[in-house]
Amino acid sequence: MLMEPKEFWEDKKWARENYCELQKQFRDKWVAIVGKKVVSYGENRGDVKKRAMELTGKKYIPLIYVESGAAIY
């Protein structure tokens with residue numbers, strides 16, 4: 001069974017804690033976080049992950065979708 005490394009979970013936590021700041025720059029985008037910073041972003045989740053993997057050499061990269069906050073449910 002494969003488990004994500006500790007750094008993956010730390011980056012995921014950082015993304016949640018900094019979501020409001022991410023919303024200011026990356027509205028309605030997928031964002032890849034490595035080392036507690038954005039390494040790739042865009043509209044296509046697969047492209048964002050692929051680019052982040054190419055840039056960092058990491059296999060496990062947290063991706064989050066940053067909503068604009070304008071959605072009505």
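For the chain, what is the calculated [θ] at 222 nm in deg cm²/dmol (nearest 500), taking -39500 (n - 2.57) for each run of four or more DSSP H residues and dividing by its residue count?
On the way: 3 runs with 31 residues, N = 73.
After summing the helix terms and dividing by the residues of the chain, the value is -12500 deg cm²/dmol.
Once fully extended, how much extra length lies between Gln25 and Lys13, figured as 0.36 nm per residue of separation less the alpha-carbon to alpha-carbon distance?
Extra length available between Gln25 and Lys13 comes to 2.5 nm.
Which of Val39, Leu55, Cys20 sits closest to the plus end of the dipole of the chain, meaning its Cα is farthest towards the positive end, when Lys and Arg get +1 and Asp and Glu get -1 on the C-beta?
Leu55
Skipping prolines and chain starts, which residues have an amide H placed within reach, meaning under 5 Å, of the one on Asp28, given they are 5 or more residues away or on another chain?
Counting only residues 5 or more places away or on other chains, the set is Val66, Glu67, Ser68.
In debye to the nearest 20, how big a dipole does the range 7-73 give about its Cα centre with +1 on each Lys and Arg Cβ and -1 on each Asp and Glu Cβ?
Here the size comes out at about 140 debye.
Where a number appears in this text, it was derived from the coordinates with a stated rule and is not lab data. Owing to the predicted nature of the structure, the values given are computational and were not obtained by experimental measurement. So basically every Cβ, Gly included, is an ideal-geometry build from the backbone, and we count neighbours across all protein chains shown.
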